[in-house]
Amino acid sequence: MSQGIVLLLSGPNLNLLGEREPAVYGTETLADHVHAATAAAHRHGLLLEHVQSQHEGDLINSVHAARDRVAALIVNAAALSHGSWSLHDALAAFDGVIVELHLSNPAAREPFRHTSVIAPVADGSIAGFGGLGYELAVEAVSRILAARQRPAPEKERP
C-alpha cells in the first residue's frame with residue numbers, strides 16, 4: 001500500500017455543486033473542492049486522486065481498486081452515506097485510513113440524514129464546515145498516517 005496516495009471519492013450529484021442548493025452546499029464547484037484538497041495533499045507530501053460518480057457500483061469498484069494501492073480514502077458519499085450498505089461493506093474491507101466528509105451538517109438536516117452507514121467504518125467524520133472540510137479531511141489523513149508510522153514507545157523495564 002502506498003503511504004502517499006489519497007483517494008477522494010465523490011458520490012451522486014456532487015458534480016452539481018455550485019449550482020444545486022447553494023444555500024446548503026455553497027457556491028464552490030466540485031472542481032474547486034478537489035483543487036483545495038489537492039493543494040492540501042501536496043503541502044503534506046501526499047498525492048490526491050479523485051473519482052466522482054453517480055453510480056454506487058463505480059464507487060465500490062474504486063474502493064476495491066484502492067485496496068493495497070492507496071493509503072487513505074476521503075469519502076463524500078453524498079446521499080449514499082445514509083443507506084448504501086454495499087459501500088459500507090466495501091469500505092470495511094479497506095485497511096487504510098478512511099475519513100467521511102460532508103459539506104453540510106447532516107445532524108442539523110432532515111431526519112433521514114442523521115444516520116450514516118459510512119461512519120461506523122470510518123476513522124472519523126468531518127461535517128458542516130463547507131469547503132474547508134476538504135482541507136480538514138486531508139489534514140486528518142496526514143496526521144493519522146503519521147501516527148500509524150511512528151513506532152510504539154518502548155516500555156520501561158522494572
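The values are calculated or read from the model by the stated rules, or taken from the named source; none is laboratory data. Small disclaimer: the values here were computed from a predicted structure and weren't measured. Note that each Cβ is placed from the backbone with ideal geometry, even for glycine, and that neighbours are counted across all protein chains shown.
At a glance:
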quantity	calculated
Qualifying residue in the stretch 52-67 (condition: modelled with pLDDT of 95 or more, among the aliphatic types (A, V, I, L, M) and either within 17 Å of Leu17 (Cα to Cα) or in a loop (DSSP other than H, G, I, E, B) (or both))	no
Selection within the stretch 68-86 - modelled with pLDDT of 95 or more and more than 16 Å from Asp123 (Cβ to Cβ)	Arg69
Qualifying positions in the stretch 79-99 - touching a residue at least 40 places away in the same chain (Cβ under 8 Å), farther than 28 Å from Arg20 by Cβ and crowded, with 20+ Cβ neighbours inside 10 Å	Gly96, Val97
Hits in the stretch 14-30 (condition: assigned to a loop (DSSP other than H, G, I, E, B), crowded, with 16+ Cβ neighbours inside 10 Å, at pLDDT below 90 and not hydrophobic (A, V, I, L, M, F, W, C))	Gly26, Glu28
Of residues in the stretch 100-126 being buried (at least 20 other Cβ atoms within 10 Å of the Cβ) and under 16 Å from His33 (Cα atoms), the one modelled with the lowest pLDDT	Leu103
Residues (under 15 Å from the mean Cα position of the chain (by Cα) and either surrounded by 19 or more Cβ atoms within 10 Å (Cβ to Cβ) or among the basic types (Lys, Arg) (or both)) located in the stretch 39-61	Ala40, Ala41, Leu46, Leu48, Gln52, Leu59, Ile60
Residues of the stretch 1-13 that turn out to be more than 17 Å from Arg143 (Cα to Cα) and either under 15 Å from the mean Cα position of the chain (by Cα) or at pLDDT 95 or above (or both), as a count	4
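Results for (1) under 17 Å from Val117 (Cα atoms); (2) touching a Leu at 6+ places or on another chain (Cβ under 9 Å); (3) of a type in the set (Ser, Thr, Tyr); (4) in contact (Cβ under 8 Å) with a residue 60 or more places away in the chain, shown as yes or no for each residue.
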{"residue": "Pro12", "(1), (2), (3), (4)": "yes, yes, no, yes"}
{"residue": "Thr27", "(1), (2), (3), (4)": "no, yes, yes, no"}
{"residue": "Asp32", "(1), (2), (3), (4)": "no, yes, no, yes"}
{"residue": "Asn61", "(1), (2), (3), (4)": "no, no, no, no"}
{"residue": "Val75", "(1), (2), (3), (4)": "yes, yes, no, yes"}
